[in-house]
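Q: Can you read through this structure? Questions will come right after.
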Amino acid sequence: MNGADRDAGAPVWEFPEKAEDRAAKADEDTGLAGLLVPYEAGGWSRGPDLGEFGPDVELSGERATALRKERLRGLPRTLRRQMEKEIDRQRLTGLAMRSYQSTGEAAWSVKGHTFTMSIELARMESPAAVRDRARTQSRFLEAMDIFRKGPAIKGHENARCYLQPKIDEVDLDRMFCTAYVGNVLVTATAAGAVPLNTKGAAMLLTEQLDRIDEPGKAV
């Protein structure tokens, strides 16, 4: 045969891919879940389950839209239809949620004051729809005139945080935040014993928004 006497060269060894390598590659994907702050980054562990889901979930736009409509079932029919139309106008293309618990090991942690925080990323077709939704949420909380002003989120002027009304008999405090980057709407809720570690919660939200804001991350 032509060239049969040629040196085949050094052998090339191809080892099977390890399971942990496959998992690492999955974490590095460009999906919406890939934008979420990973666990064990800055002193975070898995938080409580998110409803019927675990602490970490990603849904398609179709499934996320259906889920949001399912949560409206208890509302009066007319109001429910109005809100369903609003959900359709948002044109969700994906949803990713993750819950966190502070481990108390980070420099910003407060001894004896661990807290949990859930972050939801909702991607929509239109950045304008994301912006309008974020502003609507902020206006709603401000109009109620009972929420306390939360911490500012450094480097993200469109982020707004609010603390629940202060009640002496209640030992649990909560903070609600909304923000947006491009066509991704970010909603976060932190909960913990009074006084809530708002500094730690603000740092996690800042890290989350910075991740989305990196060039080439948010589409």
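The values are calculated or read from the model by the stated rules, or taken from the named source; none is laboratory data. None of the values given here were measured: they were computed from a predicted structure. Heads up, the Cβs are rebuilt from the backbone with ideal geometry, glycines too, and the neighbour counts pull from every protein chain shown. These area figures cover heavy atoms from the full protein model, side chains too; ligands, DNA and RNA do not enter into them. Shrake-Rupley method; radii C 1.70, N 1.55, O 1.52, S 1.80 Å.
Q: For a quick protection proxy, order the peptides 142-149, 54-61 by their average other-Cβ count within 10 Å, most packed first.
A: Going from most to least packed, we get 54-61, 142-149.
Q: Need one word for the stretch 144-219: rounded, prolate or oblate. Basis is the Cα gyration tensor (sqrt eigenvalues a ≥ b ≥ c); a/c below 1.5 gives rounded, then a/b vs b/c decides.
A: Note, shape of the stretch 144-219 comes out prolate.
Q: Something else about it: Assuming a ≥ b ≥ c are the square roots of the Cα gyration tensor eigenvalues, decide whether the stretch 107-171 counts as rounded (a/c under 1.5), prolate (otherwise, with a/b larger than b/c) or oblate.
A: Because a/c hits 1.5 or more and a/b fails to exceed b/c, the stretch 107-171 counts as oblate.
Q: Which percent of the accessible area of the stretch 37-147 is formed by carbon and sulfur heavy atoms (probe 1.4 angstrom)?
A: Of the solvent-accessible surface of the stretch 37-147, carbon and sulfur hold 48 percent.
Q: So with the 1.4 Å probe, I'd like the accessible area per residue for the stretch 70-219, rounded to whole Å².
A: Spelled out: the 1.4 Å probe surface of the stretch 70-219, per residue, equals 57 Å².
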